[in-house]
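Written out below as structure tokens is the structure these notes cover.
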Amino acid sequence: MKNRLKVLRAERDWTQANLAHAIEVSRQTINAIETGKYDPSLSVAFKLARVFELPIEDMFQDTEAT
Amino acid sequence: MQNQLNESANLASRTKTNTIRLGLWNAAWVLSMVLAAFGPKLIWDFNTPLSVLGVLLNLGVGFKMISCNKAYLKGLDELQQKIQFEAMALSLGVGLVVGLSYELLEDIKLITFEPEIPHLIILMAITFMIGLIMGGKRYQ
């Protein structure tokens, strides 16, 4: 699964720590998601969508489907 | 974003609190184990009711420690839980496989000393720590 988290975060000038705090995960988790080492649960994906005010599909792309 | 920053509970402070609580109950459990193990001989001269009380206290504190560990794990975020889960799986697997082989060594006379449970616990603890370090590096 690919994601645009790093780009979206940079556009808003947020640090990984800011984002981690906002969705109540560790900074390590944000970094692992951004680098594609870890795919988040639906719960975390929805929290990210809320924080970025975007639909989930605008943030995550299923690479197997494309 | 700012509201979410303000409203969100602080994961780091919650983890810190849970870690301290777990550490304290862990220490209490070790102390109760020492009391149950050495109390009969050194303090109450094998008085049966006191020995039973010592064992019950050790069990009670042990169960409280387990409950604190559960709270600690539940308080972590999902990636941290995954790292802990993988480390525990490694530790349990290695403990089971190596533990049984170790026991076998004595049965088939390849070693002369009797395998002890503490050896297995030390092995599992070391394996768990290695699993945590590996997990931490994998998701860095």
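The values are calculated or read from the model by the stated rules, or taken from the named source; none is laboratory data. Being a predicted model, the structure only gives us computed values, none of them experimental. Cβ atoms come from the backbone with ideal geometry, glycine included; neighbour counts cover every protein chain shown. All accessible areas refer to the heavy atoms of the entire protein, side chains included, with ligands and DNA or RNA removed. Shrake-Rupley method; radii C 1.70, N 1.55, O 1.52, S 1.80 Å.
Per atom type, chain A shows carbon and sulfur on 49% of its accessible surface, probed at 1.4 Å. Put simply, the convex hull of the Cα atoms in the stretch B:1-75 casts, on average, a shadow of 5.5 nm². Accessible-area loss of 50 Å² or more (1.4 Å probe, protein heavy atoms, chain alone versus all protein chains) is found in the stretch B:113-140 for B:Y139, B:Q140. Measuring only protein heavy atoms, the 1.4 Å probe finds B:E114 accessible over about 120 Å². The residues of chain B expose on average 69 square angstrom of accessible surface per residue, using a 1.4 Å probe on protein heavy atoms. Relative to the Cα centre, the charge distribution of chain B, modelled as +1 at Lys and Arg Cβ and -1 at Asp and Glu Cβ, gives a dipole magnitude of about 540 debye. The simple Förster model, with R0 at 35 Å and r as the Cβ-Cβ distance, assigns B:V34 and B:L110 a FRET efficiency of 0.55. Across all directions, the average projected area of the convex hull around the alpha carbons of the protein assembly as shown is 16.8 nm². For the stretch B:71-140, the set of trypsin sites (Lys or Arg not before Pro) satisfying both a DSSP loop assignment and a count of at most 10 other C-beta atoms within 10 Å is given as B:K109. Among the protein heavy atoms of the stretch B:1-75, carbon and sulfur supply 68% of the accessible surface, probe 1.4 Å, non-protein parts ignored. With the simple model of a label 7 Å out from the Cα in the direction of the Cβ, B:A12 to B:A71 spans 2.3 nm. Summed over qualifying helices (DSSP H, 4 residues or more, each -39500 (n - 2.57)) and divided by its residue number, chain B shows a 222 nm mean residue ellipticity of -29500 deg cm²/dmol. Quick one: in chain B, what % of C-alpha pairs are over 20 Å apart? Value for chain B (Cα pairs over 20 Å): 65 percent.
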